[in-house]
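The values are calculated or read from the model by the stated rules, or taken from the named source; none is laboratory data. Values in this document were obtained by computation on a predicted structure and should not be read as measured data. Here the Cβ is made from the backbone with ideal geometry for all residues, glycine too, and neighbour counts use every protein chain on show.
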Amino acid sequence: MAKQLAVTRQSVNRWRRQEAQLGRPGLKRAGRAGRKPQLGANDLRRIEAALKRGPEALGYATGLWTLRRVVELIEQVSGVRYTPVHAWRILRQLRWSCQRPVGRALERDEAAIRRWKRERWPELKKGSKTGPNHRLCR
């Protein structure tokens with residue numbers, strides 16, 4: 001029996017004793033240990049939807065989620081106040097990971113960048129060792 005259930009023989013023997021003493025109800029699993037979660041599945045869905053809208057939707061100037069911002073979001077959405085450490089646990093539970101923003105400026109001019117790389121960069125690269133901009137250490 002232990003092999004079929006992939007458990008130890010001791011567990012099977014313990015279950016037999018429990019059934020003999022308490023009957024079938026004695027084999028029921030114990031409830032979850034510890035405190036019940038303060039956030040339900042519905043709260044978690046609302047928190048994730050708010051995270052997807054971005055921090056700007058909450059009035060922040062940048063699109064970067066920090067743990068402090070997530071703490072504030074959770075409190076706004078659910079009324080539950082957590083520490084930043086617990087907010088991180090909730091993010092992991094929602095399968096959100098720590099990522100860096102792309103970091104591209106909105107004002108970025110792609111055409112000017114291509115032109116600089118094509119025209120100016122080769123000049124600088126060529127003159128780096130012997131050109132007029134090269135300075136000898138004295």
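Things to note:
- Wholly enclosed helices (runs of 4 or more DSSP H) of segment 1-77 bearing at least 1 residues under 25 Å from the mean Cα position of the chain (by Cα) and hydrophobic (A, V, I, L, M, F, W, C): 41-53
- Residues that are out of contact with any Ser or Thr (no Cβ under 6 Å at 6 or more places or on another chain), more than 20 Å from residue 52 (Cα to Cα) and not assigned by TED's automatic domain parsing to the domain that holds residue 51 occur at least once in segment 93-105.
- Considering 64, 51, the condition of being surrounded by 11 or more Cβ atoms within 10 Å (Cβ to Cβ) and in contact (Cβ under 8 Å) with a residue 40 or more places away in the chain is satisfied by 51 alone.
- Only residues that are of a type in the set (A, V, I, L, M, F, W, C) and within 30 Å of residue 90 (Cα to Cα) were counted in segment 10-40, giving 3.
- Here residue 76 meets the list (1) closer than 26 Å to residue 41 by Cα; (2) surrounded by fewer than 10 Cβ atoms within 10 Å (Cβ to Cβ) almost entirely, failing just condition (2).
- Of the residues 6, 105, the single one that is on the phi > 0 side of the Ramachandran plot and free of Cβ contacts under 8 Å to residues at least 40 places away in the same chain is 6.
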